[in-house]
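Visitor: There's a structure below that I have some questions on.
The values are calculated or read from the model by the stated rules, or taken from the named source; none is laboratory data. Worth saying up front: this structure is predicted, and the values here are computed from it rather than measured. In this analysis, Cβ positions are derived from the backbone assuming ideal geometry, glycine residues included, and neighbour counts consider all displayed protein chains. Areas reflect the complete protein model, heavy atoms only, side chains present, ligands, DNA and RNA absent. Shrake-Rupley method; radii C 1.70, N 1.55, O 1.52, S 1.80 Å.
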Amino acid sequence: MSLHSRIGIITLAITLGWSCTNLAKAQGLGNSPYSSLGMGEFYGDAYSDNTAMGGSGVSTSSGFQINNLNPALWVRNRFTTLDVGLIGQYKDIASGNLKQGNAGGNLGYLSLSFPITPKWVIGANLKPYSFIDYQNTFTRSVSGSPGVAEYTVSGKGGVNKASLVNSFQIGRYVTLGLESSYFFGNVRRSSDILLYVNGVPSDYIVSLNERNTYSDVAFRAGGTVRIPLKKENKLNLNLGGAYSFSTSLNATKTTSFELTQGSFPVAVPDTLENNLGGSMTVPEQYQVGASLEWPFKMTLSVDYSHQSWSQYRGFGNVNERMKDVNRLHVGAEYIPRFGSLSYFDNVRYRIGFSTGNTPYVVGITKINDTNVSLGFTFPMGRGFANLLSVAFVAGQRGTNSGGAIRERYGRMVLGVTLMERWFEKRRID
């Protein structure tokens with residue numbers, strides 16, 4: 001690979017990394033009423049290829065794309081690999097007779113892996129972890145007055161994750177990995193009150209604004225084992241697991257009170273709390289999975305994931321009564337004829353299914369989430385060295401009863417994978 005190409009890829013990685021940081025702070029995936037609860041709505045760890053397989057794949061990796069579900073699988077990438085992903089989503093939200101449609105998008109992930117030796121790979125990863133994006137408006141009568149108050153409650157922001165991965169192969173069939181991450185981000189929440197007298201809005205708006213900032217480190221470990229079932233590596237049974245350690249993020253909160261008239265402040269905003277220290281607990285998570293792998297032909301995978309959201313504590317050690325999350329992930333990948341001269345024989349076809357509950361509870365109603373997925377990976381460039389992946393996910397979360405909200409969503413993840421050989425000594429025949 002030429003020096004010019006290497007500089008180009010590094011420049012692209014830095015530019016996209018800066019974009020990812022700013023986009024994750026400013027934009028989620030559209031209005032999400034459930035994001036008002038806990039840490040908000042989660043992006044998940046799966047990249048485009050694993051997303052198309054129902055979010056499964058904690059035990060296996062093709063080695064052509066980075067598998068972010070398990071840090072132990074990065075060592076399968078024998079080339080210097082850059083993975084970039086974009087996420088777009090459309091939602092149809094229903095509550096009673098009320099309906100709303102909205103859409104959003106974001107830069108979903110940016111990863112770069114380097115093979116240091118044939119059995120040691122290090123990598124860097126930057127992606128949004130969760131986002132908060134909601135706005136609710138309702139009215140209430142003012143006691144002892146003919147007036148009516150209109151309340152607007154909104155929130156925006158999120159938490160991002162920057163990671164450094166070390167992945168090792170032990171012997172011939174075992175891999176281990178450790179991911180060290182730095183969480184950072186901020187969330188702004190506000191409550192605005194507008195008074196109506198005889199149906200006419202007043203000029204005055206009372207606002208209570210809150211800004212939380214988060215930062216700290218966290219760790220995730222993983223391992224896999226490959227068990228040959230047929231000679232000459234024609235069929236393998238893969239077993240794998242990953243464990244994310246619970247961590248307490250450092251947090252600061254600033255709360256201010258403001259009175260405005262016609263968008264102009266009536267008085268200097270009053271700061272009620274200024275950089276008040278606290279914390280937010282991110283609970284542990286574990287993922288286990290098994291897969292049958294016919295190399296360069298077909299992979300069938302089944303995963304189970306659990307995250308102890310009942311242990312979640314918000315700012316000030318507040319128990320927000322979240323529920324533990326349990327999910328099942330099932331997926332399949334098929335390659336018609338790898339290495340064929342026919343282009344479509346080298347395309348990877350994927351299908352998946354995922355179901356389970358979310359950490360959210362409305363009253364006594366548990367909010368479940370079920371989806372199906374479909375995806376493709378198209379070879380690109382000379383020698384098909386680069387890849388373009390697309391995943392489509394369709395699902396439903398929640399129910400339109402019991403005071404809950406039903407969300408029907410369609411999501412697309414577009415991924416680009418660039419591979420090159422770096423740090424190789426030139427050979428002269």
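Visitor: Averaged per residue, what accessible area in Å² does the chain show with a 1.4 Å probe, protein chains only?
Guide: Using a 1.4 Å probe on heavy atoms only, each residue of the chain averages 48 Å².
Visitor: Mean-square fluctuation check for the chain, GNM, Cα pairs under 10 Å: which of 89, 65, 261 is largest?
Guide: Its mean-square fluctuation being the largest, the pick is 261.
Visitor: Over region 286-415, what relative contact order in percent results from Cα pairs under 8 Å that are six or more residues apart?
Guide: 16
Visitor: Residue-wise, which Karplus ³J(HN,Hα) couplings in Hz belong to region 194-205, taking 6.51 cos²θ - 1.76 cosθ + 1.60, θ = phi - 60°, and x for glycine or proline?
Guide: 10, 8, 10, 10, 6, x, 9, x, 7, 7, 9, 10
Visitor: List the lysines whose Cα sits under 19 Å from the Cα of residue 119, skipping any in the same chain fewer than 8 residues away.
Guide: Once the sequence-local lysines are set aside, what remains near residue 119 is 425.
Visitor: Here is a further query. Quick one: net charge around residue 67, please, counting Lys, Arg +1 and Asp, Glu -1 for every other residue with C-beta under 11 Å from its C-beta.
Guide: For residues surrounding residue 67, the net value is -2.
Visitor: Can you check what the net charge comes to around residue 167, using other residues whose Cβ is under 13 Å from the Cβ of residue 167 (Lys, Arg +1; Asp, Glu -1)?
Guide: +3
Visitor: In whole percent, how big is the carbon plus sulfur part of the accessible area of the chain, probe 1.4 Å, protein atoms only?
Guide: Of all accessible area on the chain, carbon and sulfur atoms account for 60 percent.
Visitor: Further, regarding this structure: Could you let me know the centre-to-centre spacing of region 361-393 and region 230-275, using Cα atoms, in angstrom?
Guide: Taking the Cα centre of each part, region 361-393 and region 230-275 sit 24 Å apart.
Visitor: Let me ask you something else. Taking only Cα atoms, what is the 0 to 90° angle, nearest 10, from helix 3-26's long axis to the longest principal axis of the chain?
Guide: 30
Visitor: Still on this structure: Can you tell me which of 269, 283, 146 moves the most in a GNM of the chain? Springs connect C-alpha atoms under 10 Å apart.
Guide: 146
Visitor: Loop sites only, by DSSP: take the GluC sites (Glu not before Pro) in the chain that have at most 16 other C-beta atoms within 10 Å and name the longest stretch containing none of them.
Guide: For GluC sites (Glu not before Pro) (loop position, at most 16 other Cβ atoms within 10 Å), the longest site-free span of the chain is 1-283.
Visitor: How large is the helix-only mean residue ellipticity at 222 nm for the chain, computed as the sum of -39500 (n - 2.57) over DSSP H runs with n ≥ 4, divided by its residue count, in deg cm²/dmol to the nearest 500?
Guide: The helix contribution divided over the chain gives -2000 deg cm²/dmol.
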